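This report refers to the structure that appears directly beneath it.
The values are calculated or read from the model by the stated rules, or taken from the named source; none is laboratory data. None of these values were measured; they are calculated from a predicted model. No Cβ is skipped: glycine too gets one built from the backbone with ideal geometry, and neighbour counts run over all protein chains shown.
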There are 2 protein chains.
Amino acid sequence: MRVSQLFTKTSKTAPGDEVSKNAQLLIRAGFIHKEMAGVYDYLPLGKIVLNKVIDVIREEMDAIGGNELSLTALQQKDVWEASGRWDDKVMDVWFKTKLANGSELGLAPTHEEPLTKLMKSFISSYKDLPVYPYQFQIKFRNELRSKSGLMRGREFWMKDLYSFSRDQAEHDAFYERISEAYDRVYARLGLGDITFKTFASGGSFAKYSHEFQTLSSVGEDKIYVHKGKNIAINEEVYNDEVLASLGITKDELVEETAVEVGNIFTLGTKYSDALNLNFTDEDGVSKPVVMGSYGIGPSRVMGLIAEHFSDDKGLVWPENVAPAKVYLVRIGAEQAIAHADELYDELMAKGVDVLYDDRDERPGTKFADAELMGIPYRVTVSDRLIEAGQYEFTPRTGGDTTLLTRDELLDKLN
Amino acid sequence: MRVSQLFTKTSKTAPGDEVSKNAQLLIRAGFIHKEMAGVYDYLPLGKIVLNKVIDVIREEMDAIGGNELSLTALQQKDVWEASGRWDDKVMDVWFKTKLANGSELGLAPTHEEPLTKLMKSFISSYKDLPVYPYQFQIKFRNELRSKSGLMRGREFWMKDLYSFSRDQAEHDAFYERISEAYDRVYARLGLGDITFKTFASGGSFAKYSHEFQTLSSVGEDKIYVHKGKNIAINEEVYNDEVLASLGITKDELVEETAVEVGNIFTLGTKYSDALNLNFTDEDGVSKPVVMGSYGIGPSRVMGLIAEHFSDDKGLVWPENVAPAKVYLVRIGAEQAIAHADELYDELMAKGVDVLYDDRDERPGTKFADAELMGIPYRVTVSDRLIEAGQYEFTPRTGGDTTLLTRDELLDKLN
């Protein structure tokens, strides 16, 4: 993409009421725009990053048998009354509204109820199970406070997969598979080293309900990390019983602050009982379907990546989610323009995503924008370099500039 | 995709309260699910069709310089009060809700106001113009009645592009370009022959505000079509003055019912005046930005295609939007399974999308599902055919079955 065709611009300042670092940086770099606390527009470069995060998650969900659909935001109350979650005291983040005829509606903060009801159209026999529908969906949560940028939204993107299984054993096997898929997602997003599968609830489902927590100084959660075993314990269940069940002791654990970036829950038959989602087994016996739910918030993960991978010059995207791999800086007139145009075309044809700064701006402005936007590699073309047969190549991290020949440059970027 | 991995099933009946043919067929084929009137979930096959419609529109918007972003559903009232459209009497399709702190919010039925405000961050000089941001977005409209399936939603997908230009001449040039892009969209979606650019408003902007109307017996609009000139006139402006301005007479026109599938509007400076979106021209003079808005509803278009391309056996998708190109029917045990598996792998590797009916169902059930789902080509593999070195090949339209060798089959599908 050519920078001249982007309608966004970078800015030296963020809105005065924006206190979170991720949103400040993303707004300054022109990736998002603030409508109100917890409600952000995705501008072209931000939308590319969000889509890349979504694509990584989608590939991993498809690889374990996920089947993508889209549910709706507007919700009728009957199905939520059946589960007991229509009441604002039980579910305290509802946005409610009304149809023109006066009927109350809600904006879905989550989708267990409507999906359980929907599956009644498709599940009647053991032959219909197991199935793993999932969706990427805008969710709405009427949070009292929302000061963490993309990390706690009132309108935000969520991936949720729901599993429908015949029995606990089939459920447990899938639970392990999706847990491993989550590990792959965080690894691919560059968060593998700082993300821990975290024991998060006591009670009967302790073994099969976990959060994935990523270490972050702005995290709202406190966790106790066992680095050797690569697991952690949430503060709420940090007690002798849980420690004993895991065979670990307090002195092996390090206290850290963290952000919840995903969760996997065994739901059992809570929703299938409430909404009568049953199937007939091989012996003709009617049984409730065993369910699980599995969430990851792509917008929260994007905010966390922006917050974590940043420095005093701006954003520092991991290559897998960067809006482009290369920021091409052109310095000079006719000769430089022809040369840079040609390099841009060649790289794009090779499948290397390039953000090409084709504006008539000072070199310093272009370099600063490349750094603020956090593009992994900066390549500079100028009249002087063209005459020497060279390109400046500057990684965003560990940022020493080296001079490369064209062949060396193409090698680096392939 | 293997049919055994889809969680949906076809059905002989649609919900009793569903009166529209497009929704009845899409529900029976397992493409959508009804939450309430005008609010539908997209199931896996329906989501593929919707995405294909969206992809066609996206390619054409990108080709004319569009720059994709996403705005939000939640809206604060100030910006809508500035334009005079917060009032439910002025904009009668609002869904309103409240933040936890009591502030009123609305769910965006359209996005002129928030985008005009957003662009104030990025437009200050003539050098920043023109720009063409666009989005695909869930819109919410609190329609009193919603009985047309996907064709009139309360929660539905909309593409809207907004143009920001320096002056009327620059605006007019873009208006012609996007009008041609719309023609390409409808042609690629298989609707070219029955879609007409339609004069839709009188007054000063008559020349630069049009609807695109597709002929349909279930249309809510009446239009007067001039087939020679490939244009039409909306009932509201079907008068002597408009006819004279177009140089046509009543006897050249045919009255038809039609569905509005897109619109292109010259907005002038209505919103830039209301929200103070100005720029400084080459001479240092401050001027309001000249705007236009351009909508297409992908979900409405999908409903229209389903309604129009259908017969007594079910849906009949045009190839460009079909959820798969081939429905592969397998009849028989080991030999047929091995043979069909291998053909499926080969076609998928060649980039041919196949819906592979690998279920243990009767042939008649598989044939009926292939027809109801409207997949363009059915290919049948059976023990008898394998021994003869042949495949049954059945187009969904003009549907005579022919027997093909493997080479002939691969030729047909490439």
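Here are a few things to note about the model shown:
- Test: A:Glu176 is without any contact (Cβ under 8 Å) to a residue 12 or more places away in the chain, outside any strand (DSSP E or B) and either closer than 30 Å to A:Pro288 by Cα or touching a Lys or Arg at 6+ places or on another chain (Cβ under 9 Å) (or both): yes
- Among the residues of the range A:109-123, those identified as within 10 Å of chain B (Cβ to nearest Cβ) and over 18 Å from B:Gln5 (Cβ atoms) are A:His111, A:Pro114, A:Lys117.
- Which numbered condition A:Ala100 fails, given (1) within 14 Å of chain B (Cβ to nearest Cβ); (2) more than 18 Å from the chain's Cα centre (by Cα); (3) buried (at least 20 other Cβ atoms within 10 Å of the Cβ): (3)
- Residues in the range A:1-29 that are over 26 Å from A:Leu144 (Cβ atoms) and either more than 10 Å from every other protein chain (Cβ to nearest Cβ) or touching a Lys or Arg at 6+ places or on another chain (Cβ under 6 Å) (or both): A:Arg2, A:Val3, A:Ser4, A:Thr10, A:Ser11, A:Lys12, A:Thr13, A:Arg28, A:Ala29.
- Meets criteria (in a strand (DSSP E or B), at pLDDT below 95, in the same structural domain as B:Glu255 (by TED's automatic domain parsing) and not aliphatic (A, V, I, L, M)) for B:Thr198: yes
- Residue within the range B:330-339 that is in the same structural domain as B:Glu236 (by TED's automatic domain parsing) and either assigned to a loop (DSSP other than H, G, I, E, B) or basic (Lys, Arg) (or both) present: no
- Count - residues of the range A:6-43 that are of a type in the set (Asp, Glu) and out of contact with any strand residue (DSSP E or B) (no Cβ under 7 Å at 6 or more places or on another chain): 1
- Selection within the range A:30-45 - among the hydrophobic types (A, V, I, L, M, F, W, C), within 27 Å of B:Lys98 (Cβ to Cβ), in contact with a Leu (Cβ under 6 Å, 6 or more places away or on another chain) and at the interface with chain B (Cβ under 8 Å from one of its Cβ atoms): A:Val39
- Count of the range B:360-414 residues, restricted to those that are in a helix (DSSP H, G or I) and over 34 Å from the mean Cα position of the chain (by Cα), is 9.
- Test: residue in the range A:143-155 that is in the same structural domain as A:Asn276 (by TED's automatic domain parsing) and part of a strand (DSSP E or B): yes
- Among the residues listed as A:Val290, A:Val242, the single one being surrounded by 14 or more Cβ atoms within 10 Å (Cβ to Cβ), over 30 Å from A:Ile123 (Cβ atoms) and of a type in the set (A, V, I, L, M): A:Val242
- Subset of the range A:362-414 [surrounded by fewer than 16 Cβ atoms within 10 Å (Cβ to Cβ), closer than 30 Å to A:Gln24 by Cβ, modelled with pLDDT of 95 or more and not hydroxyl-bearing (Ser, Thr, Tyr)]: A:Arg362, A:Pro363, A:Gly364, A:Pro395
- Qualifying residue in the range A:119-135 (condition: touching an Asp or Glu at 6+ places or on another chain (Cβ under 7 Å) and among the polar types (S, T, N, Q)): yes
- Among the residues here, B:Gly292 qualifies as touching a residue at least 40 places away in the same chain (Cβ under 8 Å) and over 18 Å from B:Pro44 (Cα atoms).
- Residues of the range A:257-287 satisfying the condition of being crowded, with 20+ Cβ neighbours inside 10 Å and acidic (Asp, Glu): A:Glu260
- Check on A:Ser148, surrounded by 17 or more Cβ atoms within 10 Å (Cβ to Cβ) and farther than 16 Å from A:Met302 by Cβ: no
- Number of the condition not met by A:Val316 [criteria: (1) farther than 30 Å from A:Thr257 by Cα; (2) crowded, with 19+ Cβ neighbours inside 10 Å; (3) outside the structural domain of A:Gln137 (by TED's automatic domain parsing)]: (1)
- Scanning the range B:344-359 for residues that are assigned to a loop (DSSP other than H, G, I, E, B) and touching a helix residue (DSSP H, G or I) at 6+ places or on another chain (Cβ under 7 Å) returns B:Val352, B:Asp358, B:Arg359.
- Answer from B:Ile54, B:Ile32 - the residue that is more than 27 Å from A:Thr8 (Cα to Cα) and not assigned by TED's automatic domain parsing to the domain that holds B:Glu342: B:Ile32
- Within the set A:Lys77, A:Lys12, A:Lys89, the sole residue that is more than 27 Å from A:Tyr344 (Cβ to Cβ), in contact with a helix residue (DSSP H, G or I) (Cβ under 9 Å, 6 or more places away or on another chain) and not small (Gly, Ala, Ser) turns out to be A:Lys12.
- Considering residues of the range B:7-48 that are more than 21 Å from the chain's Cα centre (by Cα) and at pLDDT 95 or above only, the residue nearest to A:Asp128 (Cα to Cα): B:Phe7
- Unique residue being facing another protein chain (nearest Cβ under 9 Å) and in contact (Cβ under 8 Å) with a residue 60 or more places away in the chain when the list is A:Tyr162, A:Tyr132, A:Tyr126: A:Tyr132
- Within the range A:79-97, the set of residues being over 26 Å from the mean Cα position of the chain (by Cα) and at the interface with chain B (Cβ under 8 Å from one of its Cβ atoms) comprises A:Lys96, A:Thr97.
- Within the range B:227-282, the set of residues being out of contact with any strand residue (DSSP E or B) (no Cβ under 7 Å at 6 or more places or on another chain), in a loop (DSSP other than H, G, I, E, B) and without any contact (Cβ under 8 Å) to a residue 24 or more places away in the chain comprises B:Lys229, B:Gly247, B:Thr249.
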